[in-house]
Amino acid sequence: TANLFHLVAFDDVVSFETKTICLVGRYPYWTEFRRFLAHLQLLSQNSSDIPLERHISHLLFSVPIPKPGGQAILVPLSTMNDPMALVMPPLKDLPLVDLSFNRLFAALDVPTVVTIVLGFLALEKKVILMSRRQSLVLDCCELLKSLLFPFDLCAPYVPHLTQAFMSCLDFPGAIFVGIYDDEQENGLARIVRANIPEDSIIVELDSGEIHCDGNRYETLKAAYQIIPTEPRSSLIKEVEALCKDAGIIPGQEALDVG
């Protein structure tokens, strides 16, 4: 005979549910936020008398926002060697970019980056970034946008576009979006590649190639020649020299899978 279990109360019942923690901030501390989330994940894998909620509440309510040009705010992370460092640049300095430019120049060579920033984004074109590495799409979108300084992007900006909102690609005017290529047959990346929106430029971060809906050669030629020859050559040489000093071979570095 089968043993019957009668549930008469929920007081002694322990249930396990999958939860997602999303860290939202007004300032783009991408790298430090990722480190903090990784810290929480490591803590969750070990027994501790301090609940995760206590660590989260400490960050939200006890850690102050750094002052522009002031000292860095250090938050110790017990699971990591280095603390979480929050820094705010001076008001008249370059904007806060808590990301490494290594990832951008590992994916794209210097002439391509110059063309995207000055020939496409500055001229308010439709630019679509794609990659099989989800975090690379976000990082490159943020880094390319920051290179417009002292100007700001005046177009709709969606660093992680999902299929539910793909209709925004048909909007007239400029737009800057990133698309994660999940390699699915009916995925958003394949749909957009098969039917490139009008006046759009697709930048493949995994291969460094650029595609467009019109004449590719004429589009790239017009974008590349938007800057006079001598200033363009000087800019490219200077950035390439900086990459060399940093030990980066633009467009030829190995990329992580994340």
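We did not get these values from a lab; they are worked out from the coordinates using the rules stated. This one's a predicted model, so the numbers in the text were calculated from it and none came from an experiment. A quick note on method: Cβ atoms are made from the backbone with ideal geometry, for glycine too, and the neighbour counts reach across all protein chains shown.
Potential lengthening of the chain between K92 and Q163 amounts to 21.7 nm, from the contour at 0.36 nm per residue minus the alpha-carbon distance.
The mean of 1/r over all pairs of different alpha-carbon atoms in region 169-239, once inverted, gives a Kirkwood hydrodynamic radius of 14.3 Å.
Working out 0.36 nm times the residue gap between M80 and R216, then minus their Cα-Cα distance, what length gain in nm do you get to one decimal?
Working: separation 136, 0.36 × 136 = 48.96 nm, distance 4.73 nm.
Result for the pair: 44.2 nm of gain on full extension.
Between region 42-110 and region 204-219, what is the C-alpha centre distance in whole Å? Between the Cα centres of region 42-110 and region 204-219 lies a distance of 36 Å.
Close amide H contacts of M88 (hydrogens built in the peptide plane, cut-off under 5 Å, sequence separation of 5 or more or a different chain): G69, G70.
Computed from the Cβ-Cβ distance with R0 of 22 Å, the FRET efficiency linking K67 to S100 stands at 0.35. When the chain is treated as a GNM with alpha-carbon contacts under 10 Å, the residue of I227, I191, I21 showing the greatest mean-square fluctuation is I21.
So if R0 is 25 Å, what FRET efficiency would S233 and E124 give, r being the distance between their Cβ atoms, rounded to the nearest 0.05?
On the way: r = 25 Å, r/R0 = 1.00.
According to the calculation, E is roughly 0.50.
Rounded to the nearest 10 degrees, the inclination of helix 52-61 to the longest alpha-carbon principal axis of the chain is 50 degrees.
Averaging over all projection directions, the Cα-based convex hull of region 23-66 occupies 3.3 nm² in the image plane. A helix-only calculation puts the chain at -9500 deg cm²/dmol for mean residue ellipticity at 222 nm, using -39500 (n - 2.57) for each DSSP H run of at least four residues, averaged over all residues.
Suppose a student asked you for the relative contact order of the chain, using Cα pairs under 8 Å spaced at least 6 residues apart; what percent would you report? Don't skip to the answer; put the middle values down first.
On the way: 324 pairs, mean separation 49.3, N = 258.
It comes to 19 percent, rounded to a whole number.
The C-alpha atoms of the chain define a longest principal axis, and helix 30-44 lies at about 20 degrees to it.
Only alpha carbons enter this Debye calculation for region 134-258, each as an equal point scatterer, and the log10 of I(q)/I(0) it gives at q = 0.20 Å⁻¹ is -1.49.
With a simple spin-label model that places each label point 7 Å from the Cα along the Cα-to-Cβ direction, the separation between Y224 and I191 comes to 3.4 nm. Among beta bridges identified by DSSP and lying wholly in the chain, the antiparallel ones come to about 30 percent. If you run the Gaussian network model on the chain, springs between alpha carbon atoms under 10 Å, then out of F36, F120, F61 the most flexible one is F61. Among A107, A241, A223, the largest mean-square fluctuation in a Gaussian network model of the chain (Cα springs under 10 Å) belongs to A241. About the centre of its Cα atoms, the chain shows a dipole size close to 480 debye [charges on the beta carbon of Lys, Arg (+1) and Asp, Glu (-1) only; nearest 20 debye]. Rounded to the nearest 10 degrees, the angle from helix 229-245 to the longest Cα principal axis of the chain is 40 degrees. Here K67 is the anchor, and the lysines within straight C-alpha reach of less than 17 Å, apart from those fewer than 8 places off in the same chain, are K92.
Counting 0.36 nm for each residue step from L42 to F151 and taking away their Cα separation leaves a gain of 35.3 nm. For the chain, the Cα-based Rg and Dmax, in that order, read 22.9, 90 Å. Where both bridge residues fall in region 73-225, DSSP classifies roughly 30% of the beta bridges as antiparallel.
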